[in-house]
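Take a look at the structure set out below.
The values are calculated or read from the model by the stated rules, or taken from the named source; none is laboratory data. Model, not experiment: these values are computed from the prediction. Glycine gets a Cβ as well: all are built from the backbone with ideal geometry, and neighbour counts include every protein chain shown.
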Amino acid sequence: MSLKNLEKRRGVMLVLSSPSGAGKTTLTRRLLENDPQIVSSVSATTREARPGEVHGKDYFFISHDRFKDMVDNSEFLEHANVFDNRYGTPRGPVMEALKSGKDIIFDIDWQGTQQLAESAADDLVRVFILPPSIGDLEKRLRSRAQDSDAVVEKRMARSADEISHWSEYDYVLVNDNVDATFQKLVHILEAERLKRRRRIGLSDFARELMEEGRKR
Ligand SMILES: Nc1nc2c(ncn2[C@@H]2O[C@H](COP(=O)(O)OP(=O)(O)O)[C@@H](O)[C@H]2O)c(=O)[nH]1
Ligand SMILES: Nc1ncnc2c1ncn2[C@@H]1O[C@H](COP(=O)(O)OP(=O)(O)O)[C@@H](O)[C@H]1O
């Protein structure tokens, strides 16, 4: 057996959740830029695009009617209402990515994470991002300068609710220094990729080693 076969593995479904503004999007972008083995799940949403956001890259920006059709046709792996809008993970691209041995990163809230935990517990790795303080969270939302004051207020008002789900996650990172947090995320992913249950080629490899060992 070649060592190449040993590298075969099931993809990781890496979920990042946090209160809005804690840094999920920043960390996701960095991971995608630095690691060709991971792709991102592009959600569909009924919310308006922010300046600079690209349809099909950041989100699929769709109407409420279209969203409802997709729900009715079971096209979502999970979906939820967040901040008066609807958000959902299209099923097809996730299945394709996992089949081709890629990892896939999801920027979804606690409701979506719970749904994925029901349907794909073995593949899931859940990471919760906390801000160093509520003051920092607000500063980050305002400095991002892409939402109106009213929208920022709404996101801040929902932050405690989102944070209350922190203990449902496998890992919790406090995003104080973004470089340090990113390194921790990379280490989590590396370790999860090495987990025995994901490594499809391992049992054949070990069996062959044992057979050869017994012959000596
Ligand atoms: N359940 C679920 N939540 C999502 C999905 N896409 C985005 N979200 C969550 O919706 C919330 C709002 O996202 P967004 O409007 O982009 O604001 P942001 O959190 O400031 O980036 C965040 O908590 C996201 O994680 C999805 O497909 N499903
Ligand atoms: N560790 C950090 N320190 C300071 N600012 C940060 C840090 N991480 C992210 N930011 C900034 O905070 C704002 C919100 O981050 P973002 O990644 O959009 O959060 P989320 O996707 O969780 O809403 C952005 O302007 C981003 O550049």
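Quick look at the numbers
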read-out: Number of positions in the stretch 55-77 that are closer than 28 Å to S148 by Cα and more than 16 Å from ligand 2 (Cβ to nearest atom); value: 11
read-out: Subset of the stretch 129-161 (residues that are among the hydroxyl-bearing types (S, T, Y), touching a residue at least 40 places away in the same chain (Cβ under 8 Å) and either assigned to a loop (DSSP other than H, G, I, E, B) or farther than 26 Å from L116 by Cβ (or both)); value: none
read-out: Matching residues, the stretch 181-191, being loosely packed, with under 12 Cβ neighbours inside 10 Å and either within 15 Å of ligand 2 (Cβ to nearest atom) or not in a helix (DSSP H, G or I) (or both); value: Q183
read-out: Single match in I134, I200 (criterion: at pLDDT below 95 and of a type in the set (V, I, T)); value: I200
read-out: Pair list, Cβ < 7 Å and 6+ apart or interchain, from the stretch 162-187 residues that are farther than 11 Å from V127 by Cα and touching a residue at least 40 places away in the same chain (Cβ under 8 Å) to residues that are charged (D, E, K, R) and within 12 Å of ligand 2 (Cβ to nearest atom); value: E162/D109; F182/R30
read-out: Hey, S40 hydroxyl-bearing (S, T, Y), touching a helix residue (DSSP H, G or I) at 6+ places or on another chain (Cβ under 8 Å) and more than 27 Å from K139 (Cα to Cα) or not; value: no
read-out: So G52, is it in contact (Cβ under 8 Å) with a residue 12 or more places away in the chain, within 12 Å of ligand 2 (Cβ to nearest atom) and farther than 26 Å from L173 by Cα; value: yes
read-out: Residues of the stretch 192-216 satisfying the condition of being without any contact (Cβ under 8 Å) to a residue 12 or more places away in the chain and either part of a loop (DSSP other than H, G, I, E, B) or exposed (fewer than 11 other Cβ atoms within 10 Å of the Cβ) (or both); value: L194, K195, R196, S203, M210, E211, E212, G213, R214, K215, R216
read-out: Criterion: away from ligand 1 (no atom under 11 Å from the Cβ), at pLDDT 95 or above and surrounded by fewer than 21 Cβ atoms within 10 Å (Cβ to Cβ) - qualifying residue of L98, L124; value: L124
read-out: Selection count where residues are over 18 Å from the mean Cα position of the chain (by Cα) and more than 16 Å from ligand 1 (Cβ to nearest atom), scope the stretch 163-194; value: 5
read-out: Only listed residue being on the phi < 0 side of the Ramachandran plot, modelled with pLDDT under 95 and of a type outside the set (S, T, N, Q), chosen from V82, V42; value: V82
read-out: Subset of the stretch 130-147 that is under 21 Å from V82 (Cβ atoms) and more than 13 Å from ligand 1 (Cβ to nearest atom) - its residue that is surrounded by the most Cβ atoms within 10 Å (Cβ to Cβ); value: L130
read-out: Candidates T28, T46 - the one that is within 18 Å of H187 (Cα to Cα), hydroxyl-bearing (S, T, Y) and surrounded by 15 or more Cβ atoms within 10 Å (Cβ to Cβ); value: T28
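Rundown of residues vs (1) closer than 26 Å to L31 by Cβ; (2) touching a residue at least 12 places away in the same chain (Cβ under 8 Å); (3) more than 14 Å from the chain's Cα centre (by Cα), yes/no style:
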| residue | (1), (2), (3) |
| --- | --- |
| F61 | yes, yes, yes |
| H64 | no, yes, yes |
| F76 | yes, yes, yes |
| G92 | yes, yes, yes |
| E96 | yes, no, yes |
